[in-house]
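The values are calculated or read from the model by the stated rules, or taken from the named source; none is laboratory data. Since the model is a prediction, treat every value here as computed from it, not as a measurement. Backbone-built Cβ (ideal geometry, glycine too); neighbour counts: all protein chains shown.
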């Protein structure tokens, strides 16, 4: 089954291309593609309001890059967590609970979150 990976970047480098798949480096957790797909369909408007970057801060975007690498900056994490909490109230998923915990840790540490799409 296809998975999306989410991790915390301990030492974020401005203008660095985060284009290499390194889930172990960022202690990533996996979330099934089915859940992420549902999240994108059901909460698309809210997700698309979240400021993100695609692979490098020189490429601003919004929401998640479904098939690529998304960088979620510290200032966008509370908004992202809010969407995940709302979704989890509907799905009651252990994977989403772990994602909420991961995002909460990134918030408390004021760090970027990295997302590897399918």
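The rows are residues; the columns are (1) modelled with pLDDT of 95 or more; (2) touching a helix residue (DSSP H, G or I) at 6+ places or on another chain (Cβ under 6 Å); (3) crowded, with 19+ Cβ neighbours inside 10 Å; (4) not in a helix (DSSP H, G or I).
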{"position": "20", "(1), (2), (3), (4)": "yes, no, no, yes"}
{"position": "24", "(1), (2), (3), (4)": "yes, no, no, yes"}
{"position": "40", "(1), (2), (3), (4)": "no, no, no, no"}
{"position": "45", "(1), (2), (3), (4)": "yes, no, no, no"}
{"position": "70", "(1), (2), (3), (4)": "yes, no, yes, yes"}
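The number of residues in the range 6-35 that are more than 16 Å from residue 111 (Cβ to Cβ) and without any contact (Cβ under 8 Å) to a residue 40 or more places away in the chain comes to 4.
When the criteria are applied in full, residue 82 meets the requirement of being surrounded by fewer than 18 Cβ atoms within 10 Å (Cβ to Cβ), more than 17 Å from residue 116 (Cβ to Cβ) and either in contact with a helix residue (DSSP H, G or I) (Cβ under 7 Å, 6 or more places away or on another chain) or modelled with pLDDT of 95 or more (or both). Taking residue 91, is it surrounded by fewer than 18 Cβ atoms within 10 Å (Cβ to Cβ) and more than 18 Å from residue 49 (Cβ to Cβ)? Taking the combined requirement at face value, the residue satisfies it. When the range 94-118 is limited to residues that are assigned to a loop (DSSP other than H, G, I, E, B) and farther than 15 Å from residue 53 by Cβ, the one that is modelled with the lowest pLDDT turns out to be 118.
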